[in-house]
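Asker: Provided herewith is a single structure, encoded as structure tokens, for subsequent inquiry.
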Amino acid sequence: MQTLRHPLLSPAPGTQRELISLHYGQAGSAAGKAYIQASLHADELPGMLVAHHLRRRLEALQAEGRIAGEIVLVPMANPIGLSQHLLHGHLGRFEANSGENFNRHYPDQIDAVAQSVEARLGQDPVQNTRLLREALRRAIDTSPVDTELQSLRRTLMTLACDADIVLDLHCDAQAVMHLYTETPCAADCEPLARFLGARLTLLAQDSGDKPFDEICSQPWWRWAQRFAGRFPIPQACLSVTVELRGQADVEHALAERDAQQIIDFLTWRGLIAGAKPALPESQGDARPLAGSMPIKSEVAGVLTFLRQPGDMVKAGEVLAHVIDPIGNGVTELRSPVDGLLFARDSVRFVRAGMKIAKVAGLDARRTGKLLGD
């Protein structure tokens, strides 16, 4: 295992943060490359614990000579957010200086790379993939950055841009295991969903605001569209946001199991040598992200839920009550669709207009930007 340290742009004299990446196997291996990062939202900690157990397993596998591909693990992807606290509260989702979400606004190099390599593309999809990856990495490496946040984004993109598999480990407030991926990745993501026991995979093709997972997978289907009928371009990156249940689900038993299931998937894909594990039975299904309906409270008050994450609910069913502590009124919050209640907030006093839960229906109903803040 090789440990690399990546200094970020210094925000002030005497201050320097760095990103740490752990590298297993051999770069450039024909077995492929997997990139895994934890806690890009720095207050979402289940991923860090999974990374701890992954590291132990990967070190043992490397000692046994079983890592056939290249595996890069970033056990803590956001040193900026990890250091942000206010009045004992951890602020790991947004950068305090800019207010920007750490998982949005990744730079798009797609058109520039396409123009730079178009004259060298041909009818060999493997060669086309190699040329595009090399050009993409050069474009990212040489892109200018002005802030510490931009340098973090560039560093993460450089580490991940040439990977066949990208797993971005997150969590929700209170939730079941679920995944986000782009629609062109759906078939390749389905085995991962099985190994992880995911109840739900949410699919979209460009959900908006350029989150990390999509900036890794999106170039390939966009290049395929651009060069359709001229050059074959495969979907060369499966990139998935893995939502490891809720923020409080930081337990060894869960993390050990999740780490082993990721190892099983990588073995199934051939990056780890050994007997190919059997695909588990599916525990859920794939649904459109545009069918994930937020439940919003129009009033403020004390929130109490009547249903749990993982429950199947019906349209019109009451999911929660909001209680006015002064007037003693009770407001019912109902599901707008039949579907899976897959996530809910952990706060119990809500503001008017606050979104407090999500139900995944089967039909796409929303348009525009599909992700929350």
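Asker: Of all GluC sites (Glu not before Pro) in the range 49-90, which ones are in loop regions per DSSP and have a Cβ with at most 13 other Cβ atoms within 10 Å?
Answerer: Passing sites in the range 49-90 are Glu64.
Asker: Further question on the same structure: Step through the residues of the range 13-29 one at a time and calculate ³J(HN,Hα) from phi using the Karplus curve (6.51 cos²θ - 1.76 cosθ + 1.60, θ = phi - 60°), rounding each to whole Hz and writing x for Gly and Pro.
Answerer: x, x, 10, 8, 9, 9, 9, 10, 10, 10, 10, 10, x, 10, 4, x, 5
Asker: Hey, another quick one. Could you derive backbone 3J(HN,Hα) for the range 188-201 from the dihedral phi with the Karplus parameters 6.51, -1.76 and 1.60 (θ = phi - 60°), listing whole Hz in sequence and x where the residue is Gly or Pro?
Answerer: 6, 7, 4, x, 4, 4, 5, 4, 7, x, 5, 7, 7, 10
Asker: Cut-off 14 Å, label point 7 angstrom out along Cα-to-Cβ of Arg230: give me the residues of the range 115-132 whose amide nitrogen falls inside.
Answerer: Once the point is set 7 Å along Cα→Cβ of Arg230, 115-123 turn out to lie under 14 Å by backbone N, inside the range 115-132.
Asker: Which percent of the accessible area of the range 218-373 is formed by carbon and sulfur heavy atoms (probe 1.4 angstrom)?
Answerer: So the carbon and sulfur contribution to the accessible surface is 51 percent.
Asker: Counting each DSSP H run of 4 or more residues in the chain as -39500 (n - 2.57), what helix-only mean residue ellipticity at 222 nm follows after dividing by all residues, to the nearest 500 deg cm²/dmol?
Answerer: -9000 deg cm²/dmol
Asker: Moving on. For Arg104, enumerate residues with amide H under 5 Å from its amide H, sequence gap 5+ or separate chain, H modeled in the peptide plane.
Answerer: Sorted by chain and number, the residues that satisfy this come to none at all.
Asker: Right, here's the next one. Using the crude model of +1 on Lys and Arg Cβ and -1 on Asp and Glu Cβ, and no other charge, please compute the dipole size for the chain relative to its Cα centre, in debye to 20.
Answerer: It comes to approximately 240 debye.
Asker: Let me ask something else about it. With just the Cα atoms defining each centre, how far is the range 112-148 from the range 150-180? Give it in Å.
Answerer: Spelled out, the Cα-based centre of one part sits 21 Å from the other.
Asker: Can you give the FRET efficiency for Arg351 and Leu4, using 1/(1 + (r/R0)^6), R0 = 35 Å, r = Cβ-Cβ distance, to the nearest 0.05?
Answerer: Once rounded, the FRET efficiency stands at 0.20.
Asker: Distance cut-off 32 Å, Cα to Cα: go down the list Lys276/Lys358; Lys210/Lys355; Lys33/Lys358; Lys33/Lys296; Lys33/Lys369 and report the pairs above it.
Answerer: Cα-Cα > 32 Å for Lys276/Lys358; Lys33/Lys358; Lys33/Lys296; rest within.
Asker: Per residue, what accessible area does the range 109-248 have, given a 1.4 Å probe and all protein chains present, in Å²?
Answerer: Solvent-accessible surface per residue comes out at 34 Å².
Asker: Mean 1/r over all different Cα pairs, inverted: what Kirkwood radius does the chain give, in Å?
Answerer: 21.7
Asker: Please give, to one decimal in nm, the separation of the simple spin-label points placed at His23 and Val126, each 7 Å out from Cα toward the Cβ.
Answerer: Calculated label separation equals 2.4 nm.
Asker: Quick one: if you stick a label point 7 Å off each Cα along the C-beta vector at Asn328 and Thr304, how many nm between them?
Answerer: Between Asn328 and Thr304, the simple spin-label model gives 1.4 nm.
Asker: Given Cα pairs under 8 Å that are at least 6 residues apart, what percent is the relative contact order of the chain?
Answerer: 17
Asker: How high is the relative contact order of the range 251-373, given as a whole-number percent (alpha carbon pairs under 8 Å, six or more residues apart)?
Answerer: 28
Asker: Which residues' amide hydrogens lie under 5 Å from the amide hydrogen of Leu200, considering only partners 5 or more residues apart or on another chain, with H built in the peptide plane?
Answerer: Those qualifying (amide H under 5 Å, at least 5 residues apart or on another chain) are Leu179, Asp285.
Asker: What spacing in nm lies between the two simple spin-label points modelled at Asp146 and Glu317, each 7 Å away from Cα in the Cβ direction?
Answerer: Result: 5.0 nm between the two label points.
Asker: For the range 263-336, state which GluC sites (Glu not before Pro) are in a DSSP loop and have at most 13 other beta carbons lying within 10 Å of their beta carbon.
Answerer: For GluC sites (Glu not before Pro) across the range 263-336 that sit outside H, G, I, E and B with at most 13 neighbouring Cβ atoms in 10 Å, the list reads Glu281, Glu298.
Asker: Something else about it: Counting only residues 5 or more places away or on other chains, whose amide H sits under 5 Å from the amide H of Lys33 once H atoms are built in the peptide plane?
Answerer: For Lys33, the qualifying residues are Glu70, Asp164, Ile165.
Asker: Specify, per residue and in Å³, the volume enclosed by the convex hull of the alpha carbon atoms belonging to the range 195-321.
Answerer: Per residue, the Cα convex hull of the range 195-321 comes to 188 Å³.
Asker: Please report how far the C-alpha centroid of the range 286-343 lies from that of the range 6-65, rounded to the nearest whole angstrom.
Answerer: Measuring centre to centre over Cα atoms gives 37 Å.
Asker: Can you run phi through the Karplus equation (6.51, -1.76, 1.60; θ = phi - 60°) for the range 255-265 and list ³J(HN,Hα) in whole Hz, with x for Gly and Pro?
Answerer: 5, 4, 5, 4, 4, 5, 5, 5, 4, 4, 5
The values are calculated or read from the model by the stated rules, or taken from the named source; none is laboratory data. On a predicted model such as this, the values are computed, not experimentally measured, just so you know. No Cβ is skipped: glycine too gets one built from the backbone with ideal geometry, and neighbour counts run over all protein chains shown. Please note that ligands, DNA and RNA were not included when accessible areas were found on the heavy atoms of the full protein model with its side chains. Shrake-Rupley method; radii C 1.70, N 1.55, O 1.52, S 1.80 Å.
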